[in-house]
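The values are calculated or read from the model by the stated rules, or taken from the named source; none is laboratory data. Predicted, not measured: the structure shown is a model, and the values here were computed from it. We place every Cβ from the backbone using ideal geometry, glycine too, and count neighbours over all the protein chains shown.
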Amino acid sequence: MSNLKTKDIKGIITAIITPFKENRVDKKAYKNLIDMQIKAGINGVVPCGTTGESATLDFDEHEMMIDYTLELVDHKMFVIAGTGSNNTKEAIRLSKHAQKAGADAILTITPYYNKPTQNGMYEHFRAIAESVDIPVILYNVPGRTGVNMLPETVARLSEIKNIIGIKEATGSLQQVTETMKVCREGFIILSGDDFTALPSIAIGAKGVISVTSNIVPDKMVEMYKAYEKGDMKKAIAINLELWPLHNAMFIESNPIPVKAAAHLMGWITDEIRLPLTPLSGANLNKLKAVMVAQGLING
């Protein structure tokens, strides 16, 4: 059973990228990325999420990445293991492994492609939650899955003891608010994208699972700490400063741009797995221009 307390899940949580080299996980580069996140004061990481290319990791790689992340982190921040699948049986297998490995919690996505009903999503997540004892965080991202889990369904799921929160990535503050309103007291909402991070936190979310924090973890932490201290003027200023970078991170499908950015900074190769392909042409030039303006690379 995880020792993570619900109150600990807050702040900036990085959806960490998976670096590759010659089509294998580049463990050395990954260690450097994790070390950088720890040094910046990031609250937690999510390995094997969308940003970590979970859809193209095989089972052995997926389980290895969770094990290796836990080894590298060594309790210096919490680890929420991505264990989602559109196959309930596979999601349960990955979730059981994450619990056995010592993950603090799991993050599991609404089933993609299948297009389940609201009741189908309820039964999917109920089966996963009943298969493990560690905290479960739901993940709603209609833009990637083709289905939107409605607040009423989330409210039903929130009554299951170890389902403790949701990563809400509709981009809708209305849905965030409605979900918060109907779920049990203490249920955690996390922003699922950097665009809505500060606004979501301002209306009651506990933090964000961030893509941008792969590149500028220190700035994301600074923004969150400013908010915590009640310095909204500073938090808003940092959010506005980072806005072009947030936009650049989604100039093409995630994680294409963030991996390109990490490559431009000399941290990883630009390798990404098919069917995704490396950023190139006009979009690469746009990303470079943003990064130069942010002082992240030389012009």
### Query
In segment 83-119, which residues are closer than 20 Å to GLU152 by Cα and in contact with a strand residue (DSSP E or B) (Cβ under 8 Å, 6 or more places away or on another chain)?
LEU107, THR108, ILE109, THR110
### Message
For segment 67-83, check the following and say yes or no: at least one residue is crowded, with 24+ Cβ neighbours inside 10 Å, assigned to a loop (DSSP other than H, G, I, E, B), at pLDDT 95 or above and not aliphatic (A, V, I, L, M).
### Response
yes
### Query
Restricting attention to segment 224-249, which residues are part of a loop (DSSP other than H, G, I, E, B), without any contact (Cβ under 8 Å) to a residue 40 or more places away in the chain and not basic (Lys, Arg)?
GLY230, ASP231
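Condition check ((1) in contact (Cβ under 8 Å) with a residue 40 or more places away in the chain; (2) farther than 23 Å from ILE215 by Cβ; (3) of a type in the set (Asp, Glu)) across all residues:
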| position | (1), (2), (3) |
| --- | --- |
| THR14 | yes, no, no |
| PHE20 | yes, no, no |
| LYS31 | yes, no, no |
| ILE42 | yes, no, no |
| MET64 | no, yes, no |
| LEU70 | no, yes, no |
| MET77 | yes, no, no |
| ILE80 | yes, no, no |
| THR88 | yes, yes, no |
### Query
Among (1) in a helix (DSSP H, G or I); (2) free of Cβ contacts under 8 Å to residues at least 24 places away in the same chain; (3) of a type outside the set (A, V, I, L, M), where does LYS286 come up short?
(2)
### Message
If VAL208 meets every condition in (1) of a type in the set (A, V, I, L, M); (2) touching a strand residue (DSSP E or B) at 6+ places or on another chain (Cβ under 6 Å); (3) in a helix (DSSP H, G or I) apart from one, which number is that one?
### Response
(3)
### Query
Does at least one position in segment 126-144 carry a residue that is small (Gly, Ala, Ser), under 26 Å from PRO255 (Cα atoms) and more than 16 Å from the chain's Cα centre (by Cα)?
no
### Query
If GLY102 satisfies every condition in (1) in contact with a Leu (Cβ under 9 Å, 6 or more places away or on another chain); (2) within 24 Å of PRO278 (Cα to Cα) but one, which is the exception?
(2)
### Task
Would you check if LEU264 is of a type in the set (A, V, I, L, M, F, W, C) and surrounded by 15 or more Cβ atoms within 10 Å (Cβ to Cβ)?
yes
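Matching residues to (1) part of a loop (DSSP other than H, G, I, E, B); (2) over 17 Å from THR50 (Cβ atoms):
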position	(1), (2)
ILE251	yes, no
VAL258	no, no
ALA261	no, no
LEU276	yes, no
LEU279	yes, no
VAL290	no, yes
ILE297	yes, yes
